Amino acid sequence: MYIHIAVLASFILIYNLFAEKIEKTTINGPLFYLIFGVIAGPVFLGVLNLEADKETYKILAELALALVLFTDASNANIKTLNHNLSLPIRLLFIGLPLTILFGYVAGSFIFNDFGWLDLAILATILAPTDAALGKAVATNPKVPSRIRESLNVESGLNDGICVPILLLLMSLVSVSSEVQVNFMYGLQLFGEQIGYGVLVGVGVTYVGTKLIHYSISKNWINGPRKAIIIIALTFTCYAISQIVGGSGFIACFSAGLLYGILNKKRDEELIENAEGIGDTLGLITWVVFGAVVVGNYFTYFTWDTLLYAILSLTVVRVIPVVLVLSNSGLTLYEKIFTGWFGPRGLASIVFAVMILDLDLPHKGTLIITIVLTILLSVILHGITANPFIKMLLKNEKK
């Protein structure tokens, strides 16, 4: 066990010493960590034989995503967001359903033996975009603010919106469910996930922020304690929301938005510490994904799963985005750029773990397709981020 800790800790140390230099290249953090996980894992060198049960890995991915959502939302430019609010609304409430529909249709052509529930579950799991993987674009000041803020809000909320849809589909699969599954049940589930999530996120953050302000005014928060304030607040929002039946992801993103509004003159150190921890948790998740998940599944990849993965990252995502952003004032290249940068990552990992206990006839193919799509997304979105941003800027100047 200690050799695994030494290898992983040493890699994290070395990466962070050169992170600024590395991330200016075509290799971003998640891709770098994933490659390390694959190479150091049991498939190649075998120096990192990690054993992560599905529940532990799910919790790790959830907490990493929760922190990323909170910190990204807290850094959002509310003035810019208000001015361009129609863009994320289109992406979330028209583009997201269209993406699920396109994913369903693509799957029906590729996987002929799949039932409609298998197809719907696959399309839903791969619909949400990843806030962490999209960070290179969403936080780059060179990218037009309306695009950055739209992608940030979309990635912050679409996973939370997909949770009740996935839970409803899972209920339909579970024949032993005592809950009567119908339209009203689905509507209630959707309302509870979104409503409770927002209420918990806003309520906990409002009270927590007031306490933070009071404590700071009394000089009760010293340097070492600053590192855990936002982390504890984020995890509190996430856990309480999950307990009461809301979406923890919605709670964390709405909490981050409110925290940013209430802290216009905020102590940047509080957010920066949490952001660093969230990034590290996310990157460790990618190491485990590379060493354990990719290592176990890469020999099972097929041409069918590869075709669906490619379509999921391109046609299934880009066409709905281009359609819903018509008459938005964006150029065609900006629409395509927005559509392309819809990476799949932590949310899809969490959703994939959620269906592992379901009695699905094609569960193996579903998991393999999800893993391959995430793997391709990390690679393709990682290496295209900086070059595509440069191309966007060139088009902006014309």
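Each residue of the range 129-144 was assigned a 3J(HN,Hα) from its phi angle through the Karplus expression (A = 6.51, B = -1.76, C = 1.60, θ = phi - 60°), giving 9, 9, 5, 6, 5, x, 5, 4, 8, 5, 10, 7, x, 6, 6, x Hz with x at Gly and Pro.
Note on the chain: dipole from Cβ charges, positive end direction compared against Gly46, Ala131, Ser145; the farthest Cα belongs to Ser145. About its Cα centre, the dipole of the chain is roughly 1480 debye, where the only charges are +1 on Lys and Arg Cβ and -1 on Asp and Glu Cβ. Normalised by the number of residues in the chain, the average gap of Cα pairs under 8 Å and 6 or more apart makes the relative contact order 32 percent.
When the C-alpha to C-alpha distance is required to be over 19 Å, the pairs from Lys135/Lys363; Lys58/Lys135; Lys54/Lys363 that qualify are Lys135/Lys363; Lys58/Lys135. Suppose every K and R has +1 on its Cβ and every D and E has -1 on its Cβ; what is the size of the dipole of the range 88-148 about the Cα centre, in Debye to the nearest 20? Here the size comes out at about 560 debye.
Taking all protein chains as shown and a probe of 1.4 angstrom, Lys390 keeps an accessible surface of around 130 Å².
Compare the peptides 309-320, 78-89 by average per-residue count of other Cβ atoms within 10 angstrom and give them in order, highest first.
309-320, 78-89
Here the range 95-169 and the range 38-62 have alpha carbon centers that stand 25 Å from each other.
Only one residue of Leu258, Leu313, Phe298 has its Cα farthest out toward the positive end of the dipole of the range 194-353, where Lys and Arg carry +1 and Asp and Glu -1 on Cβ, and that residue is Leu258.
Rounded to the nearest 500, what is the chain's calculated 222 nm mean residue ellipticity when only DSSP H runs of at least 4 contribute -39500 (n - 2.57) each, over all residues?
-24000 deg cm²/dmol
Residue by residue, the range 307-319 carries 3J(HN,Hα) couplings of 4, 5, 4, 5, 5, 4, 7, 10, 4, 4, 9, 5, 4 Hz when phi is fed to the Karplus relation 6.51 cos²θ - 1.76 cosθ + 1.60 (θ = phi - 60°); x denotes Gly or Pro. Here the Karplus curve 6.51 cos²θ - 1.76 cosθ + 1.60, taken at θ = phi - 60°, turns the phi angles of the range 187-192 into couplings of 5, 5, 4, 4, x, 5 Hz, with x standing for Gly and Pro. Each Lys and Arg contributes +1 and each Asp and Glu -1, all at the Cβ; summed about the Cα centre of the range 303-398, the dipole is approximately 520 debye.
The values are calculated or read from the model by the stated rules, or taken from the named source; none is laboratory data. Not measured: the values here are computed from a predicted model. Methodologically, a virtual Cβ is constructed for each residue, glycine included, from the backbone with ideal geometry; neighbour enumeration extends over all protein chains shown. Side chains included, ligands, DNA and RNA excluded: accessible areas come from the protein's heavy atoms. Shrake-Rupley method; radii C 1.70, N 1.55, O 1.52, S 1.80 Å.
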